[in-house]
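Asks: Before we start, here is the structure in question, set down as structure tokens.
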Amino acid sequence: MLVTTSTFLEGYKVTKHLGVVRGIIVRSRSLLGNIAGGFQTLFGGNITIYTELCERTREDAFKLMVSYAEQQSANAIINMRYDANEVMQGVTEVLAYGTAFLVSVCYLRKKTLRHL
């Protein structure tokens, strides 16, 4: 699966537009996580427990988006973005979204690759 934040894929042509795909994850921090995070804030700097939670949540949302695109027979997601909102205190929604396409390699791209 090709995924890009760009609005196009250089060297590929769109065969079929499959529409918007998304992956949504809603997570809350555990009581223990809040205590550990609060303790880390006393010392300043990177609050690793929250960084890890955010990274895992974005990764899970990304995987759901890709899975949804694959179910539609897409092989590319173009203009991929993330969005995050606090649903309520301590509960965050992370959305990964983009436009799914079926793409194929352009002839010129194939020719260029053969001559390398």
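The values are calculated or read from the model by the stated rules, or taken from the named source; none is laboratory data. All figures in this text were calculated on a predicted structure; none of them were measured in a lab. Virtual Cβ from ideal backbone geometry, glycine too; neighbours counted across all protein chains shown.
Asks: Is it fair to say VAL103 is in a strand (DSSP E or B), surrounded by 17 or more Cβ atoms within 10 Å (Cβ to Cβ) and modelled with pLDDT of 95 or more?
Replies: Criteria met by VAL103.
Asks: To continue, here is another question. Which is surrounded by 14 or more Cβ atoms within 10 Å (Cβ to Cβ) and either modelled with pLDDT of 90 or more or more than 27 Å from LEU2 (Cβ to Cβ) (or both), of MET88, MET65?
Replies: MET65
Asks: Taking interchain pairs and intrachain pairs at least six residues apart, which have beta carbon atoms under 8 angstrom, with the first residue in the range 1-23 and within 23 Å of ALA84 (Cα to Cα) and in contact (Cβ under 8 Å) with a residue 60 or more places away in the chain and the second part of a strand (DSSP E or B) and basic (Lys, Arg)?
Replies: Every condition considered, the pairs that remain are THR5/ARG81.
Asks: What are the residues in the range 72-85 that are part of a strand (DSSP E or B) and at pLDDT 95 or above, if any?
Replies: ALA76, ILE77, ILE78, ASN79, MET80, ARG81, TYR82, ASP83
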